[in-house]
1. So which strands (runs of 3 or more DSSP E) stay within the stretch 288-393 end to end and still have 1 or more residues that are touching a residue at least 60 places away in the same chain (Cβ under 8 Å), over 19 Å from D243 (Cβ atoms) and assigned by TED's automatic domain parsing to the domain that holds D220?
2. Residue check: is K323 over 22 Å from the mean Cα position of the chain (by Cα), modelled with pLDDT under 95 and surrounded by fewer than 21 Cβ atoms within 10 Å (Cβ to Cβ)?
3. Name the residues in the stretch 386-407 that are of a type in the set (A, V, I, L, M), closer than 14 Å to D270 by Cβ and surrounded by 21 or more Cβ atoms within 10 Å (Cβ to Cβ), would you?
4. When the residues of the stretch 408-433 are filtered to those that are touching a residue at least 24 places away in the same chain (Cβ under 8 Å) and closer than 18 Å to K119 by Cα, which remaining residue is surrounded by the most Cβ atoms within 10 Å (Cβ to Cβ)?
5. Give the stretch 412-444 a look and list any residue that's within 22 Å of T103 (Cα to Cα), out of contact with any Leu (no Cβ under 9 Å at 6 or more places or on another chain) and not in a strand (DSSP E or B), or say none.
6. Considering the stretch 399-411 alone, what residues qualify as being outside any loop (DSSP other than H, G, I, E, B) and either at pLDDT below 90 or polar (S, T, N, Q) (or both)?
7. Has the stretch 331-346 got at least one residue that is surrounded by 18 or more Cβ atoms within 10 Å (Cβ to Cβ) and more than 29 Å from the chain's Cα centre (by Cα)?
8. When residues of the stretch 157-192 are filtered for being under 17 Å from G125 (Cβ atoms) and of a type in the set (S, T, N, Q), how many remain?
Amino acid sequence: MTTLDAVLDHIDRDLDNAVARLFALLRIASVSTDPAFKDSCRAAAEHVAADLRSIGFDSAVRPTAGHPVVVGKANGAAAAKGPRVLFYGHYDVQPVDPLELWTTPPFEPRIETLDGGRKIIVARGACDDKGQAMTFIEACRAFKAVTGALPLPVTTMIEGEEECGSKNLFAFLRDNADEFKLDLALVCDTAMWDRRTPAITTSLRGLVYEDVTLTCADRDLHSGLFGGAAQNPIRVLARILADMHDADGRVTIPGFYDGVNELPPDIKADLAALNLTEATFLGPLGLKHSSGEKGRLLIEQVTTRPTAEFNGIIGGYTGEGAKTVIPGQASAKVSFRLVGDQDPQKIRDSFRDFVRARVPDDCKVEFANHGLAPAIQLSYDNPALVKARAALAAEWGQKAVTVGAGGSIPIVGDFKSVLGMDSLLVGFALDDDRVHSPNEKFDLACFHKGIRSWARILAALAQQ
């Protein structure tokens, strides 16, 4: 029996204890966004730190301007043979509202058996992210139990504010950058493709978010007296927004696609084989047809291609009944999801130039920005990615797909820009886990095989 086989066997035999340890963490109501739960967040941090110490980590609860960060450090016996890794997760959870929709209390975890014998763990945080973070910690525990050491040097960073924007983690990371400049970041806060197919998230779209406000007349005007003569900012704004896409769904802002790279043929073939269709993806929403770029796979449109979307438009009278006015002002909220090497600042500036070029002389335009974040892309030939895909395939018996995430995890951007580290994002969530909703759950099989998966990945990374 190899060392890895012994570790995997220990994980199988210790599963009940691993579930009990997870339950102990799930019972702590660490809702980060609500000040009423401040003490509970501190208790969760202390709990995680103590658990790490129990398996030989030098761990500490480190202060921030908000909830603390748990930092743990352990050097493996074969430290010189593998990369130094930083594992990131979070111990905080979303609020439980509406409480009445929970079938059992959200901080009293339980195992439920679904039709067909599928077992799930039900509790707030079961999946996001306590259960997922514990898959990694339990893999480390198994190595310590079997070999007395970890296969490579591991540092953990378990924060307490991810669910409210990680607003204090960025400063913490910058202030302690020298301490955390390691070789590779590992993140377990993402999903599988389906219950049988593991996935590695290789890209996260970046974000530019803009407010644009047009002002024409100095007040709202009577549409019967001024209609036909006075400039209407809603009409001007609607025309500008409509001009941002052509008939094929492409964004028309000059230079928008600079830095957008094509997928390698083998990766695109893997995505095509997943067979994400309009019927399965859009049908449950009451939609039939994709409005994205023509000629692109649906999965490309939502993960690996850039977008321009309108998140809100405001102007004139929006109350009940009728009011015949020409508004003096209209505004819109516009967001751009970025990929590849698109430059957020250039996208913002190009958007503003695009709008200004279409504003009439008697209109004034103002802008406000709510965020600039670049996209994150892991090279498809990154050695860590290659090893992790092989490790996941060995565990799940299915080729691990590499997918992009349509959303953003901002701290991963800082891992790259501040620490110079690539991130390997491996998660075991499923689409039906009800994350952020009542009755959140985590499949027991995902928890179990997630632990085994991390054991395989750590062993694979440690190999030269």
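The values are calculated or read from the model by the stated rules, or taken from the named source; none is laboratory data. Just so we're clear, the structure is a prediction, and the values are computed from it rather than from any experiment. Note that we place each Cβ from the backbone using ideal geometry, even for glycine, and neighbour counts take in every protein chain shown.
1. Per the criteria, 329-338, 364-373.
2. yes
3. L392, A400, V401, V403, listed by residue number.
4. F428
5. L430, D431, D432, D433, R434, V435, H436, E440 - these are the residues of the stretch 412-444 that are within 22 Å of T103 (Cα to Cα), out of contact with any Leu (no Cβ under 9 Å at 6 or more places or on another chain) and not in a strand (DSSP E or B).
6. Result: T402, G404, A405, P410, I411.
7. no
8. 2
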